[in-house]
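S.K.: What follows is a structure written as structure tokens; I'll ask about it next.
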Amino acid sequence: MSPFTYHRATSTDDAAARLAGARAVPMGGGTDLLVAIDEGVVAPAQLVDLRGVPGADAVALDARGALRIGGAARVHDVARHPAVLERWPALAQACEAVGSPTLRQMGTMGGNLCQRPRCWYFRRGVSCFKNGGDECPAVDGENQYLAVIGGGPCHAVHPSDPAVALTALEATVEITSAGGTRTVPIAAFFVPPAEAPERETVVGPGEFVSAIGVPAVSAGGVQRYHKLMQREAWDFALVSIAAVRPAAGGVRMALGGVAPGPWRVNSSVEEDVASGGLDDDSISALAERALYDAQPLSKNGYKIEMAGALLRQAMRELAT
Amino acid sequence: MRLTVNGQPYDLAIAGHESLVAILRGRLGLTGTKVACGRGECGACTVLIDGKPAYACLTLAAACEGAAVSTIEGLGAAERLHALQQAFIAHDALQCGFCTPGQIMAAAALLAQTPRPTEAEVRHGMSGNLCRCGAYPKIVRAVLDAAQRLEAARGA
């Protein structure tokens with residue numbers, strides 16, 4: 001591993017000040033970052049560890065019933081948090097689906113959102129849009145795990161499970177730097193590759209995810225997260241889905257593993273699911289409508305079938 | 001910096017990029033912790049940090065200042081094996097043994113958090129440790145047996 005220095009931040013201000021330095025990179029559990037450094041994908045001069053910041057790992061309800069998840073909260077602790085299990089079970093299920101038990105206890109929520117895609121061309125240093133190149137080698141190559149919708153010019157998918165649930169729950173992400181704090185809706189947190197293929201999120205140099213907010217209006221009702229993998233544990237999603245019908249009403253669904261970021265299902269489909277009265281035929285038609293603009297690469301057409309199956313299953317679950 | 005491993009403090013000069021497993025094996029001679037993949041995909045290097053499981057290959061040693069690191073060497077001694085070590089022997093829960101220290105440390109973390117796990121909970125809780133010899137059925141039986149041994153010891 002190429003040398004870097006390590007600093008354990010003592011406060012949010014300390015973290016922000018350190019991250020203003022050249023080639024300073026924020027670190028949570030390090031479970032993706034240290035691998036990415038080893039692969040040469042990230043080359044920091046200094047890592048700023050956010051786990052020591054007092055309160056950065058807190059998970060707490062506010063007076064209005066919204067949830068605030070500190071950026072350094074461990075994925076495992078969110079998965080097992082009583083309020084999350086009770087009010088936002090889709091998020092608990094998505095967190096429990098991350099990696100392995102050990103990775104969940106090491107990894108932070110902020111780090112999970114900021115992990116880099118696992119496209120093997122990118123991670124093995126093959127020239128591509130993510131590392132400064134001007135072509136996507138996967139288009140004519142091994143693209144079986146890549147995007148079927150919303151891709152191009154880069155077709156890598158984002159590996160986060162919680163991000164898919166947070167999209168369906170219409171969460172917000174709080175981003176902090178030496179210049180202050182801004183809050184963005186999760187739908188604006190992920191950057192489409194057509195806009196900036198070299199990065200996945202709006203988190204820029206000097207910034208870090210300081211918290212995630214989940215609104216009270218997304219709580220309760222029926223919530224599901226399903227993840228299809230090549231094996232039953234410790235794998236990234238081939239396709240996943242978060243589907244919620246919160247107690248306050250409405251239906252929201254998001255797919256993982258199919259697009260460069262979490263893919264929110266078209267609102268007209270969500271509204272038709274919410275209006276109810278669905279039978280098998282209308283469920284199938286809605287699933288097809290949700291995927292109408294999917295365009296498979298040469299080896300990943302199976303993902304469209306998987307996404308359709310998950311959509312149909314989720315719609316039946318939300319109907320009951 | 002001061003690194004505390006198995007209750008023993010060590011004062012060491014550690015560079016920011018050095019991994020915990022490199023320090024354990026290369027500087028402290030604690031070679032019970034193994035490295036296979038070196039990228040968090042196998043679990044062979046599992047240790048406990050403040051009682052929680054961690055892959056030592058993806059842990060910076062510098063981040064462990066002030067923490068209590070536990071390795072397989074601290075779990076039991078040759079003349080007084082831990083219940084997990086006894087159960088792994090009794091159930092022949094290994095072939096080559098290379099993954100075993102990591103398996104046992106992951107099991108120790110699981111049983112600390114879930115003292116009476118179901119078989120499903122053992123399978124879920126041990127799913128971050130690969131065994132390329134495929135001893136999984138015996139590993140599951142050994143962990144369940146160790147839970148009973150520990151329960152009996154607590155009751156005694």
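The values are calculated or read from the model by the stated rules, or taken from the named source; none is laboratory data. A quick note: this is a predicted structure, and the numbers were derived from the prediction, not measured. Ideal geometry is used to build each Cβ from the backbone, glycine not excepted, and the neighbour counts take in all protein chains shown. Accessible surface is based on the protein model in full, side chains and every heavy atom, while ligands, DNA and RNA are left aside. Shrake-Rupley method; radii C 1.70, N 1.55, O 1.52, S 1.80 Å.
S.K.: Could you say which residue among A:Ala79, A:Ala45 is surrounded by fewer than 24 Cβ atoms within 10 Å (Cβ to Cβ), within 12 Å of chain B (Cβ to nearest Cβ), in contact with a Ser or Thr (Cβ under 9 Å, 6 or more places away or on another chain) and modelled with pLDDT of 95 or more? Please lay out each step first, then the result.
M.R.: Working: A:Ala79 fails: in contact with a Ser or Thr (Cβ under 9 Å, 6 or more places away or on another chain).
After applying the criteria, what remains is A:Ala45.
S.K.: Which one of the conditions (1) within 29 Å of B:Ser127 (Cα to Cα); (2) touching a strand residue (DSSP E or B) at 6+ places or on another chain (Cβ under 6 Å) does A:Asp235 fail to meet, given that it meets all the rest?
M.R.: Result: A:Asp235 passes all but (2).
S.K.: Now for a different question. Here are some residues: B:Cys37, B:Cys96. Which one is in a loop (DSSP other than H, G, I, E, B) and assigned by TED's automatic domain parsing to the domain that holds B:Val143? Break it down into steps so the answer makes sense when it comes.
M.R.: Details: B:Cys37 fails: assigned by TED's automatic domain parsing to the domain that holds B:Val143.
B:Cys96 is the lone residue from the list that is in a loop (DSSP other than H, G, I, E, B) and assigned by TED's automatic domain parsing to the domain that holds B:Val143.
S.K.: Looking at A:Leu34, A:Leu85, which one is within 12 Å of chain B (Cβ to nearest Cβ) and within 23 Å of the chain's Cα centre (by Cα)?
M.R.: On the way: A:Leu85 fails: within 12 Å of chain B (Cβ to nearest Cβ).
Exactly one of A:Leu34, A:Leu85 is within 12 Å of chain B (Cβ to nearest Cβ) and within 23 Å of the chain's Cα centre (by Cα), namely A:Leu34.
S.K.: I'd like to check something: does segment B:54-67 contain any residue that is within 15 Å of the chain's Cα centre (by Cα), among the hydrophobic types (A, V, I, L, M, F, W, C) and more than 11 Å from chain A (Cβ to nearest Cβ)?
M.R.: Let us first name the residues in segment B:54-67 that are within 15 Å of the chain's Cα centre (by Cα), namely B:54-59.
Next, only the ones that are among the hydrophobic types (A, V, I, L, M, F, W, C) stay: B:54, B:56-58.
The next check asks that each one be more than 11 Å from chain A (Cβ to nearest Cβ); those that pass are none.
Within segment B:54-67 (the criterion being within 15 Å of the chain's Cα centre (by Cα), among the hydrophobic types (A, V, I, L, M, F, W, C) and more than 11 Å from chain A (Cβ to nearest Cβ)), the answer is no, since none of the residues qualifies.
S.K.: Yes or no: A:Ala254 among the small types (Gly, Ala, Ser), over 15 Å from A:Tyr225 (Cα atoms) and not assigned by TED's automatic domain parsing to the domain that holds A:Pro117?
M.R.: Numbers: among the small types (Gly, Ala, Ser): yes; over 15 Å from A:Tyr225 (Cα atoms): no; not assigned by TED's automatic domain parsing to the domain that holds A:Pro117: yes.
So A:Ala254 fails the test.
S.K.: Could you tell me whether segment B:31-46 includes any residue that is modelled with pLDDT of 95 or more, more than 29 Å from A:Ser2 (Cβ to Cβ), open to solvent by 20 Å² or more (accessible area, probe 1.4 Å) and away from chain A (no Cβ under 14 Å)?
M.R.: So far as segment B:31-46 goes, no, none of its residues is modelled with pLDDT of 95 or more, more than 29 Å from A:Ser2 (Cβ to Cβ), open to solvent by 20 Å² or more (accessible area, probe 1.4 Å) and away from chain A (no Cβ under 14 Å).
S.K.: Within segment A:119-129, which residues are open to solvent by less than 30 Å² (accessible area, probe 1.4 Å) and assigned to a helix (DSSP H, G or I)? Let's see the steps before the verdict.
M.R.: First pass over segment A:119-129, keeping only residues open to solvent by less than 30 Å² (accessible area, probe 1.4 Å): A:119, A:122-123, A:128.
Of everything in segment A:119-129, those that are open to solvent by less than 30 Å² (accessible area, probe 1.4 Å) and assigned to a helix (DSSP H, G or I) turn out to be A:Phe122, A:Arg123.
S.K.: Considering only residues that are within 11 Å of chain A (Cβ to nearest Cβ) and either over 17 Å from B:Val47 (Cα atoms) or hydroxyl-bearing (Ser, Thr, Tyr) (or both), look in segment B:89-121 and name the one that is farthest from the chain's Cα centre (by Cα).
M.R.: That would be B:Glu121.
S.K.: Identify, please: which residue in segment B:16-30 is at the interface with chain A (Cβ under 10 Å from one of its Cβ atoms) and of a type outside the set (A, V, I, L, M, F, W, C) and is, among those, nearest to B:Tyr136 (Cα to Cα)?
M.R.: Within segment B:16-30, the subset at the interface with chain A (Cβ under 10 Å from one of its Cβ atoms) is B:16-19, B:22.
When the remaining residues are screened for being of a type outside the set (A, V, I, L, M, F, W, C), the result is B:16-19.
Values: B:Gly16: 36, B:His17: 34, B:Glu18: 32, B:Ser19: 28 Å.
Among them, the one singled out is B:Ser19.
S.K.: Does A:Ile283 satisfy the criteria of being touching a residue at least 12 places away in the same chain (Cβ under 8 Å) and either in contact with a Lys or Arg (Cβ under 6 Å, 6 or more places away or on another chain) or in the same structural domain as A:His155 (by TED's automatic domain parsing) (or both)? Outline the logic, then answer.
M.R.: Values: touching a residue at least 12 places away in the same chain (Cβ under 8 Å): yes; either in contact with a Lys or Arg (Cβ under 6 Å, 6 or more places away or on another chain) or in the same structural domain as A:His155 (by TED's automatic domain parsing) (or both): yes.
In short, yes.
S.K.: Out of curiosity, is A:Gly221 free of Cβ contacts under 8 Å to residues at least 40 places away in the same chain and open to solvent by 40 Å² or more (accessible area, probe 1.4 Å)? Steps first, answer last, please.
M.R.: Working: free of Cβ contacts under 8 Å to residues at least 40 places away in the same chain: yes; open to solvent by 40 Å² or more (accessible area, probe 1.4 Å): yes.
Yes, satisfied.
S.K.: Criterion first (within 11 Å of chain A (Cβ to nearest Cβ) and open to solvent by 10 Å² or more (accessible area, probe 1.4 Å)) does B:Gly51 satisfy it? Step through it out loud before you land on a result.
M.R.: Working: within 11 Å of chain A (Cβ to nearest Cβ): yes; open to solvent by 10 Å² or more (accessible area, probe 1.4 Å): yes.
When the stated conditions are applied, B:Gly51 passes them.
S.K.: Has segment B:55-77 got at least one residue that is open to solvent by less than 10 Å² (accessible area, probe 1.4 Å) and of a type in the set (S, T, N, Q)?
M.R.: yes
Yes or no, residue by residue, for (1) within 16 Å of A:Phe236 (Cβ to Cβ); (2) modelled with pLDDT of 95 or more; (3) open to solvent by 20 Å² or more (accessible area, probe 1.4 Å):
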| position | (1), (2), (3) |
| --- | --- |
| A:Met109 | no, yes, no |
| A:Pro117 | yes, yes, no |
| A:Asn143 | yes, yes, no |
| A:His158 | yes, yes, no |
| A:Ala168 | no, yes, no |
| A:Ala187 | no, yes, yes |
| A:Val191 | no, yes, no |
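S.K.: Tell me which residues, restricted to segment B:114-133, are without any contact (Cβ under 8 Å) to a residue 12 or more places away in the chain and either assigned to a helix (DSSP H, G or I) or exposed (fewer than 14 other Cβ atoms within 10 Å of the Cβ) (or both). First the steps, then the outcome.
M.R.: We begin by selecting, within segment B:114-133, every residue without any contact (Cβ under 8 Å) to a residue 12 or more places away in the chain; these are B:114, B:118, B:120-121, B:124, B:127.
Across segment B:114-133, the qualifying residues are B:Thr118, B:Ala120, B:Glu121, B:His124.
Okay, residues lined up against (1) within 14 Å of chain B (Cβ to nearest Cβ); (2) under 11 Å from the mean Cα position of the chain (by Cα):
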position: A:Met106; (1), (2): yes, no
position: A:Cys119; (1), (2): no, no
position: A:Arg124; (1), (2): yes, no
position: A:Gly133; (1), (2): no, no
position: A:Ala138; (1), (2): no, no
position: A:Val148; (1), (2): no, no
position: A:Pro159; (1), (2): yes, yes
position: A:Ile175; (1), (2): no, no
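S.K.: Restrict the check to segment A:85-97 and report whether at least one residue is assigned to a loop (DSSP other than H, G, I, E, B), of a type outside the set (A, V, I, L, M, F, W, C) and at pLDDT 95 or above. Please lay out each step first, then the result.
M.R.: Within segment A:85-97, the first condition is being assigned to a loop (DSSP other than H, G, I, E, B), and the residues that meet it are A:88, A:97.
Now restrict to residues that are of a type outside the set (A, V, I, L, M, F, W, C): none.
No; the residues of segment A:85-97 include none that is assigned to a loop (DSSP other than H, G, I, E, B), of a type outside the set (A, V, I, L, M, F, W, C) and at pLDDT 95 or above.
S.K.: Sticking with this one: Please enumerate the residues belonging to segment A:224-245 that are open to solvent by 30 Å² or more (accessible area, probe 1.4 Å) and either touching a Leu at 6+ places or on another chain (Cβ under 7 Å) or touching a residue at least 40 places away in the same chain (Cβ under 8 Å) (or both). Outline the logic, then answer.
M.R.: Kept after step one, since they are open to solvent by 30 Å² or more (accessible area, probe 1.4 Å), are these residues of segment A:224-245: A:224, A:226-233, A:235-236, A:245.
Across segment A:224-245, the qualifying residues are A:Arg224, A:His226, A:Lys227, A:Leu228, A:Met229, A:Gln230, A:Ala233, A:Phe236, A:Arg245.
S.K.: Anything in segment A:56-72 that is of a type in the set (Gly, Ala, Ser) and surrounded by fewer than 16 Cβ atoms within 10 Å (Cβ to Cβ)? List them, or say none. Outline the logic, then answer.
M.R.: Taking segment A:56-72 first, the residues of a type in the set (Gly, Ala, Ser) are A:56, A:58, A:60, A:63, A:65-66, A:70-72.
Those that are of a type in the set (Gly, Ala, Ser) and surrounded by fewer than 16 Cβ atoms within 10 Å (Cβ to Cβ): A:Ala58, A:Ala60, A:Ala63, A:Gly65.
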